[in-house]
Amino acid sequence: MTTQSATTEAKASNGFNEITILWISEGMSCDGDTVSLTAAGQPSIEDVVLGLIPGLPKVNLVNKVLSPSLGGEDFLAPYRAAARGELEPFILVIEGSIPNQNIIEGDGYWTSFGNDPDTGEPQTLNSWIDQLAPRAWAVVAAGTCATFGGIHAMAGNPTGCMGLADYLGWEFKARSGLPVVNVPGCPIQPENFMETLVWVLQHAAGTAPPPPLDHMLRPQWLFGKTVHEGCDRAAYYEQADFAKDYNSPKCQVKVGCWGPVVNCNVPKRGWMAGVGGCPNVGGICIGCTMPSFPDAFMPFMDEPPGGTLSTMLVKPYGAVIRRLRGLTNDVVNHEPKWRHNKRKLTSGYNPYWRA
Amino acid sequence: MTTTESRAAGRKPAQIVDMSWDPITRIIGNLGIYTKIDFANREVMECHSTSSLFRGYSVFMKGKDPRDAGFITSRICGICGDNHTTCSNYAQQMAYGVKPPKLAEHITNLGEAAEYIFDHTIFQDNLVFVDFCEAMVKATNPGVLARAERTHAPRGDVHGYRTVADIMKAFNPFEGEVYKEALKVSRITREMFCLMEGRHVHPSTMYPGGVGTMPQPNTFTDYLSRLMRVIDFIKKAVAMNDDVFDFFYEALPGYEEVGRRRVLLGCWGAFQNPDVVDYRYATMNEWGRAMYVTPGIIVDGELVTNNLIDINLGLRIMLGSSFYEDWVNEEPFVTHDPLGNPVDMRHPWNQTTVPVPQKRDFEGNYSWVMSPRWYNPQSGEHLALDTGGGPLARLWSTALSGLVDTPYVKAADGTVRITLPKGETLPETTLEWRIPKWSNTLERDRARPYFIAYAAAMALQFLEEAMGMLKSGDTKVYENFEVPDESIGCGFHEAVRGVLSHHLVIRDKKIANYHPYPPTPWNASPRDMYGTPGPYEDAVQGQPIFEENGPDDFKGVDIMRTVRSFDPCLPCGVHMYMGKGKTLTTVHSPTYGANHG
Ligand code: SF4
Ligand code: SF4
């Protein structure tokens with residue numbers, strides 16, 4: 001894995017004393033990442049905003065849920081100021097898939113955020129991103145929708161939506177020199193997101209180097225291992241002792257778990273405060289952190305292709321299996337080809353009786 | 001319409017100002033409220049509700065494996081994703097003909113109970129109540145705050161605050177004691193949720209046919225110990241809310257008209273009774289009525305039906321102001337239900353979604369939300385039911401039916417009695433919710449803490465039963481099934497903020513059609529093809545304005561309270577866009593009030 005940010009010439013920053021976070025959840029999302037964020041306790045968002053974490057700049061968080069503002073133009077004011085270049089520095093957080101406006105002929109929009117003050121028409125999410133991303137000190141994609149397109153970008157979708165890096169270009173660099181920072185998860189695991197945010201903020205304060213990211217721009221320390229490597233049931237896997245249905249505490253690979261090839265730390269870490277999770281507590285891993293989510297993992301409740309092979313080989317285990325897994329891991333670490341910003345819809349959507 | 005006769009008399013020449021709130025945060029993103037306010041007569045003349053987000057679940061689910069439906073539909077909503085998963089599993093279980101083991105039903109109910117407690121708490125205390133907190137009341141009705149400072153809080157022995165203003169202070173955002181405590185409670189209750197369903201908000205352990213949650217003694221004791229930690233907080237919350245809402249009626253005579261609509265409530269029922277439910281369509285009336293929250297449709301205070309089959313057959317999805325092409329001339333997917341009753345072309349089983357992005361036009365199409373309605377065969381009306389934000393309809397329906405009779409919750413004679421056990425500081429307490437006089441903003445809000453208590457009380461029963469089963473060695477939580485080649489199913493459930501249904505058609509073992517109807521389309525719908533406004537529009541339109549500020553520094557708090565009382569998903573943000581507050585027209589319309597009652 002390459003460490004993109006480390007190879008980037010991050011501008012030597014003397015550090016900011018104060019920074020604004022402009023959070024937009026008007027992508028195609030369920031707002032589950034914002035909700036997840038409020039579950040984090042290590043640290044909590046209040047801790048960050050109230051200045052209880054040493055080594056961070058003062059943070060002004062602009063997020064619909066947590067903003068004490070009255071809203072409307074008053075709420076939108078910092079976004080408008082940033083778009084005019086009058087508010088610096090800021091971190092842009094995007095939640096939700098980015099629709100493809102290019103496939104719409106004529107008027108209309110898939111999603112918007114407030115109204116354009118001049119025309120009174122809905123202001124599209126895309127126009128906000130176009131204005132804000134080039135001015136942002138850092139850009140963070142929160143959740144699998146924003147990182148890779150996620151559920152709304154599955155095959156047959158009518159909106160042609162995609163992840164933020166697909167939209168901005170994978171070579172995009174924010175003012176800090178950082179690429180888009182991707183925190184996948186459907187939704188984000190609360191602490192995974194807060195840790196990443198804290199590292200980016202420390203970097204902004206000049207108290208830390210840029211966060212190490214992998215080739216899909218994910219924080220390495222969070223997504224460097226597989227689900228399987230942290231799963232409570234891995235001992236059963238090793239003994240080739242597999243659950244035949246969901247009544248069993250054994251390894252779930254034959255009933256749909258994709259843990260062996262998915263990059264995610266949830267089984268190890270639990271969902272919040274160490275409670276819950278996925279395979280460790282009886283949920284199959286459906287690969288929700290992955291670029292190829294969801295299509296490559298469906299139907300979720302069936303044994304993953306290659307599962308039989310890899311479980312047969314579990315006894316003479318070792319290098320072979322690692323290589324096989326490596327291949328699958330490569331596949332699921334790629335996004336489907338229909339996620340792009342071109343003028344054509346290629347997701348396979350076909351409004352059959354209208355054409 | 002909320003205008004009263006007395007306001008119709010002595011009207012002044014109207015002074016109309018365009019005011020809008022956009023975005024209002026809700027789960028599928030982007031809700032806007034656009035109004036015309038008559039500042040001379042202090043009332044809202046017109047209201048349009050619009051949503052500006054389309055994602056297309058019912059489109060991209062076609063052709064997928066039906067077993068994936070719960071995993072996919074969870075992602076519709078980032079706050080009540082589990083309610084979707086559960087509802088989807090209910091619909092699938094009907095389609096597959098599978099009945100999960102009893103223990104799985106208890107675990108599902110416990111997950112849902114934790115969800116209700118979590119979501120209603122964070123919404124009421126951290127979001128809704130900001131509209132009633134000291135800082136807000138000071139900015140909008142300083143006279144009322146002064147009075148609150150002089151008003152003794154009647155239930156101070158329970159919650160510990162001396163005056164009503166002290167309660168309001170405790171709800172000030174970020175600083176108030178209750179505000180901060182509520183955030184902590186929302187974390188503890190989410191841990192309870194994760195013990196049952198693995199992850200919040202998109203659960204990991206929920207399957208059609210049951211759950212994967214490992215039933216071990218600590219699964220339940222971990223839940224119970226957390227529940228007992230929040231039980232006194234719940235008792236106090238009910239008392240504080242009652243004190244403040246009672247005070248509002250008293251301090252602002254006429255406040256009952258704010259957000260008042262005709263009583264048109266729908267509840268689809270929650271908490272399956274594991275001894276009765278078998279998920280067959282033919283017996284849906286029996287197991288529906290055995291649910292621990294009783295389904296029902298209430299019109300003008302009367303129970304029209306609590307039969308889920310009638311409820312199902314009356315569903316109609318209308319266009320009229322939405323950005324879609326009509327499907328009414330296509331082949332229907334389902335012509336008759338499994339009992340042979342005809343199914344309407346506008347029923348969700350027959351809907352096809354074809355999005356047509358277009359310009360927003362308040363005279364024409366202005367929203368991505370469609371207009372769900374319920375056809376009342378008795379009156380021939382297509383009713384724009386609302387959910388009362390969830391709890392109001394749930395309690396009303398349960399109280400009217402009088403079917404729930406459990407150790408902790410009993411419904412009879414228009415009341416629901418809820419008993420919570422002794423906690424750390426407060427004794428065992430029985431709360432009583434009574435059917436209110438109005439379906440309005442304050443009653444929607446008041447019902448919410450009562451329903452938190454309801455969910456906590458039911459959780460105690462589910463825990464006792466689940467632990468009993470576990471100790472007797474009955475630990476099966478999942479039942480296998482085959483996906484049939486062709487089948488249909490429907491699921492009825494309550495998302496936190498109200499009615500939730502999923503309708504599924506399977507052909508060749510694949511999804512041929514799938515339509516989820518969550519509460520927010522019911523509440524936030526635009527005008528339908530008959531011109532009937534949706535509930536937000538109807539509740540806001542015609543409501544009086546009590547805020548003391550004029551057009552220049554108007555905050556719109558009464559309107560925000562109304563919209564928020566319905567719990568528009570991810571709530572908090574009724575964000576005000578003042579439209580520069582310019583005066584549009586000054587209309588002299590002496591007859592305006594005459595036909596406006
Ligand atoms: S349950 Fe999944 S993650 Fe756990 S050991 Fe089995 S395959 Fe690996
Ligand atoms: S374990 Fe799998 S399903 Fe669970 S959060 Fe990680 S990637 Fe998603």
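If you go through the stretch B:113-164 and keep only what is among the β-branched types (Val, Ile, Thr), in contact with an Asp or Glu (Cβ under 8 Å, 6 or more places away or on another chain) and closer than 14 Å to residue B:237 by Cα, you end up with B:128, B:164. Against the definition (part of a loop (DSSP other than H, G, I, E, B) and at pLDDT 95 or above), how does residue B:328 come out, yes or no? Answer is no for this residue.
Before we move on, is residue B:333 within 14 Å of another protein chain (Cβ to nearest Cβ) and modelled with pLDDT of 95 or more? Considered against the rule, which asks whether it is within 14 Å of another protein chain (Cβ to nearest Cβ) and modelled with pLDDT of 95 or more, residue B:333 comes out as yes. Comparison of A:329, A:265, A:333 shows that the only residue that is surrounded by 16 or more Cβ atoms within 10 Å (Cβ to Cβ) and either near ligand 2 (Cβ under 10 Å from one of its atoms) or at pLDDT 90 or above (or both) is A:265. Just to be sure, is residue B:135 free of Cβ contacts under 8 Å to residues at least 12 places away in the same chain and of a type in the set (A, V, I, L, M)? Spelling it out, it is not the case that residue B:135 is free of Cβ contacts under 8 Å to residues at least 12 places away in the same chain and of a type in the set (A, V, I, L, M). Within the stretch B:364-380, the set of residues being away from every other protein chain (no Cβ under 13 Å), in contact with a Leu (Cβ under 8 Å, 6 or more places away or on another chain) and assigned to a loop (DSSP other than H, G, I, E, B) comprises B:370 only.
Results for (1) within 24 Å of residue B:486 (Cβ to Cβ); (2) in contact with a Ser or Thr (Cβ under 8 Å, 6 or more places away or on another chain), shown as yes or no for each residue.
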position	(1), (2)
B:293	no, yes
B:301	no, no
B:308	yes, no
B:325	no, no
B:366	no, yes
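Listed by position, the helices (runs of 4 or more DSSP H) inside the stretch B:64-155 whose residues that are more than 14 Å from every other protein chain (Cβ to nearest Cβ) and more than 22 Å from residue B:441 (Cβ to Cβ) number at least 3 are B:81-96, B:102-126, B:142-150.
When the stretch B:242-260 is filtered for residues that are surrounded by 23 or more Cβ atoms within 10 Å (Cβ to Cβ) and either farther than 17 Å from residue B:137 by Cα or at pLDDT below 95 (or both), the ones remaining, listed by number, are B:259, B:260.
Suppose the filter is open to solvent by less than 20 Å² (accessible area, probe 1.4 Å) and in contact (Cβ under 8 Å) with a residue 40 or more places away in the chain; does residue A:219 pass it? Answer is no for this residue. Only a single item in (1) away from chain B (no Cβ under 14 Å); (2) within 16 Å of ligand 1 (Cβ to nearest atom); (3) within 23 Å of the chain's Cα centre (by Cα) is not met by residue A:258, and it is number (1). Just need a number here: residues in the stretch A:222-237 that are within 8 Å of ligand 1 (Cβ to nearest atom) and touching a residue at least 60 places away in the same chain (Cβ under 8 Å). Matching residues across the stretch A:222-237 total 2. Within the stretch B:60-94, being over 22 Å from the mean Cα position of the chain (by Cα) and more than 21 Å from residue A:156 (Cβ to Cβ) holds for B:93, B:94. All conditions in (1) more than 23 Å from the chain's Cα centre (by Cα); (2) part of a helix (DSSP H, G or I) hold for residue A:130, with the sole exception of (1). Scanning the stretch A:100-152 for residues that are open to solvent by 10 Å² or more (accessible area, probe 1.4 Å) and small (Gly, Ala, Ser) returns A:106, A:108, A:120, A:127. For the residues B:479, B:465, the requirement of being touching a residue at least 60 places away in the same chain (Cβ under 8 Å), charged (D, E, K, R) and within 14 Å of chain A (Cβ to nearest Cβ) singles out B:479.
Here is a yes/no grid of residues against (1) assigned to a strand (DSSP E or B); (2) of a type in the set (A, V, I, L, M, F, W, C); (3) in contact (Cβ under 8 Å) with a residue 60 or more places away in the chain; (4) crowded, with 20+ Cβ neighbours inside 10 Å:
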residue: B:344; (1), (2), (3), (4): no, no, no, no
residue: B:349; (1), (2), (3), (4): no, yes, yes, yes
residue: B:352; (1), (2), (3), (4): no, no, yes, yes
residue: B:359; (1), (2), (3), (4): no, no, no, no
residue: B:362; (1), (2), (3), (4): no, yes, yes, no
residue: B:399; (1), (2), (3), (4): no, yes, no, yes
residue: B:416; (1), (2), (3), (4): yes, yes, no, yes
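In the set (1) more than 8 Å from chain A (Cβ to nearest Cβ); (2) modelled with pLDDT of 95 or more, the condition left unmet by residue B:43 is number (2). Counting only helices (runs of 4 or more DSSP H) that sit wholly inside the stretch A:176-258, those with at least 3 residues that are within 27 Å of residue A:30 (Cβ to Cβ) and away from ligand 2 (no atom under 16 Å from the Cβ) are A:190-205.
Scanning the stretch A:119-132 for residues that are within 12 Å of another protein chain (Cβ to nearest Cβ) and over 21 Å from residue B:55 (Cα atoms) yields A:119, A:120.
No other residue among B:380, B:364 is within 21 Å of residue B:262 (Cβ to Cβ) and small (Gly, Ala, Ser) apart from B:380.
Scanning the stretch A:268-285 for residues that are away from ligand 1 (no atom under 11 Å from the Cβ) and surrounded by 24 or more Cβ atoms within 10 Å (Cβ to Cβ) gives A:271, A:276. Looking at the stretch B:241-252, is at least one residue in a loop (DSSP other than H, G, I, E, B) and over 30 Å from residue A:266 (Cα atoms)? Yes, the stretch B:241-252 has at least one match. Here is a check on your reading of the model: is residue A:196 away from chain B (no Cβ under 14 Å), away from ligand 1 (no atom under 16 Å from the Cβ) and under 30 Å from residue B:191 (Cβ atoms)? Considered against the rule, which asks whether it is away from chain B (no Cβ under 14 Å), away from ligand 1 (no atom under 16 Å from the Cβ) and under 30 Å from residue B:191 (Cβ atoms), residue A:196 comes out as yes. Screening residue A:205 on (1) touching a residue at least 12 places away in the same chain (Cβ under 8 Å); (2) more than 10 Å from ligand 1 (Cβ to nearest atom); (3) buried (at least 22 other Cβ atoms within 10 Å of the Cβ) shows it passes everything except condition (3). Looking across B:173, B:203, one residue alone is within 14 Å of another protein chain (Cβ to nearest Cβ), without any contact (Cβ under 8 Å) to a residue 60 or more places away in the chain and either more than 30 Å from residue B:86 (Cβ to Cβ) or not in a helix (DSSP H, G or I) (or both). It is B:173.
Among residues that are more than 10 Å from ligand 1 (Cβ to nearest atom), buried (at least 24 other Cβ atoms within 10 Å of the Cβ) and either at pLDDT 95 or above or within 17 Å of residue B:210 (Cα to Cα) (or both), residue A:288 is included. Across the stretch A:102-112, the qualifying residues are those that are touching a residue at least 12 places away in the same chain (Cβ under 8 Å) and farther than 17 Å from residue B:361 by Cα, and the one among them that is farthest from the other protein chains (Cβ to nearest Cβ) is A:102.
The values are calculated or read from the model by the stated rules, or taken from the named source; none is laboratory data. Since we're looking at a predicted model, the values are computed, not measured. Cβ: placed from backbone, ideal geometry, glycine included. Neighbour counts: every protein chain shown. Accessible surface is based on the protein model in full, side chains and every heavy atom, while ligands, DNA and RNA are left aside. Shrake-Rupley method; radii C 1.70, N 1.55, O 1.52, S 1.80 Å.
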